[in-house]
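Single-structure report; data block below.
The values are calculated or read from the model by the stated rules, or taken from the named source; none is laboratory data. Quick caveat: nothing in here was measured; it's all calculated off a predicted structure. No Cβ is skipped: glycine too gets one built from the backbone with ideal geometry, and neighbour counts run over all protein chains shown. All accessible areas refer to the heavy atoms of the entire protein, side chains included, with ligands and DNA or RNA removed. Shrake-Rupley method; radii C 1.70, N 1.55, O 1.52, S 1.80 Å.
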Amino acid sequence: MSLIQKYAPTMQLVVAMMRSDGCIDPLAVQPLDQWHRGPRHIELIRHSYGATMLDVLTRELGLVSLDEDGLLRSSIIIVTSEEAVKGAVMRLLGKIAEAIVVRRCNEDVALNRRWGQIGRRGRFVHNALDDFIAIGTGLETTRQRFPQKYSPTDSHRDVIWVHRDDTVRELQMLAHGRPAGISAGIQLKVSTDGYRYVYRQDIARAKYEVPLVYFDLRNDYNDLTNAIYAEDREVVIGVDIVRGADVDPALHDELLSYYHLAEALVRGQITPDDLVSTPLLADAAKKDVLESRNVTVASI
């Protein structure tokens, strides 16, 4: 060993949280490789994504509400068995993915074009998709703004697109480059075990009418597609089933963080109040909830 190797300082990339005084919080530091492998430090993800998750749970999913005393009330069912926890977490993440895909489509023209292309099975990204806005068939905002499109029991289309000027019109799938008369859309799946929860429950039973987008939190998309090829199913990889991380890597990374928060909520280890890291953020979140219900916020 050379002297340079022996005395060279050890350096490590970390994910850390900075306090208001500009110093790193020593209780909220995690090596970057551990952050990517998981589980992620609960304080780091709570600080980064807790407020967004609380907003989705209240505004979009209706799973958390604010009572007359200003307290958050949750209708998330606490479960104990490991199998029940897995199922509950993945269902919750699927709904969160629906809400965030819609939100990101409506904030980013390029993403809306890309997701719309997938939803209509188009070969190219086209600016004609700018005339359509994404909505989630099971979201509270859809129930309020587009009640005729609200369909929370629709197991096939989680996200659809409606025309900006005529919301009765929906984006159509393409066949041979022309509208096929079938409403476009995507079905979203989030899982750590795609073969068991996606292949067996959806693909093997042909329970899909629109492209299925799979967010593989354990990087098993290739295993899933290999299983499809092995059984020679009439599924076009990249068209009928798409890897979510290839479309929106940032959303895939967010879902990895939401996974740990969702699991803690389902297990009863944290409450919705714990999703926000400071009283100031908690008050801001509650005001947002009240504003979304058109209630005066001065009482908080």
*asked:* Among the listed residues GLU68, GLU83, identify the single one that is open to solvent by 10 Å² or more (accessible area, probe 1.4 Å), within 24 Å of GLU254 (Cα to Cα) and of a type in the set (D, E, K, R).
replied: GLU83
*For segment 241-251, enumerate the residues that are closer than 13 Å to ILE118 by Cβ and open to solvent by 20 Å² or more (accessible area, probe 1.4 Å).*
ARG243, ASP246
*Output the residue which, of all residues in segment 217-238 that are modelled with pLDDT under 90 and assigned to a loop (DSSP other than H, G, I, E, B), is most open to solvent (accessible area, probe 1.4 Å).*
GLU234
*asked:* Yes or no: segment 134-142 includes at least one residue that is of a type in the set (Gly, Ala, Ser), within 24 Å of MET53 (Cβ to Cβ) and out of contact with any strand residue (DSSP E or B) (no Cβ under 7 Å at 6 or more places or on another chain).
replied: yes
*Say we look at segment 270-284 and pick out the residues that are touching a helix residue (DSSP H, G or I) at 6+ places or on another chain (Cβ under 8 Å) and either at pLDDT 95 or above or part of a loop (DSSP other than H, G, I, E, B) (or both); which of these is most open to solvent (accessible area, probe 1.4 Å)?*
THR271
_Given (1) open to solvent by less than 50 Å² (accessible area, probe 1.4 Å); (2) closer than 18 Å to ILE182 by Cβ; (3) assigned to a loop (DSSP other than H, G, I, E, B), number of the condition GLY138 does not satisfy_ = (2)
*Can you tell me which of TYR214, TYR208 is modelled with pLDDT under 90, closer than 16 Å to GLY119 by Cβ and not hydrophobic (A, V, I, L, M, F, W, C)?*
TYR208
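With respect to LEU290, determine if the residue is modelled with pLDDT under 80, over 30 Å from VAL79 (Cα atoms) and part of a helix (DSSP H, G or I).
no
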_Matching option when the condition is open to solvent by 20 Å² or more (accessible area, probe 1.4 Å), of a type outside the set (A, V, I, L, M, F, W, C), within 24 Å of VAL239 (Cβ to Cβ) and in contact with a helix residue (DSSP H, G or I) (Cβ under 7 Å, 6 or more places away or on another chain), among ARG104, ARG164, ARG123, ARG59_ = ARG104
*Which numbered condition ILE78 fails, given (1) surrounded by fewer than 19 Cβ atoms within 10 Å (Cβ to Cβ); (2) within 16 Å of the chain's Cα centre (by Cα)*: (2)
*Where residues in segment 144-153 are of a type outside the set (Val, Ile, Thr) and over 18 Å from the mean Cα position of the chain (by Cα), which of them is most open to solvent (accessible area, probe 1.4 Å)?*
ARG145
*Hits in segment 146-159 - residues which are in contact with a strand residue (DSSP E or B) (Cβ under 8 Å, 6 or more places away or on another chain) and more than 14 Å from LYS95 (Cα to Cα)*: PHE146, LYS149
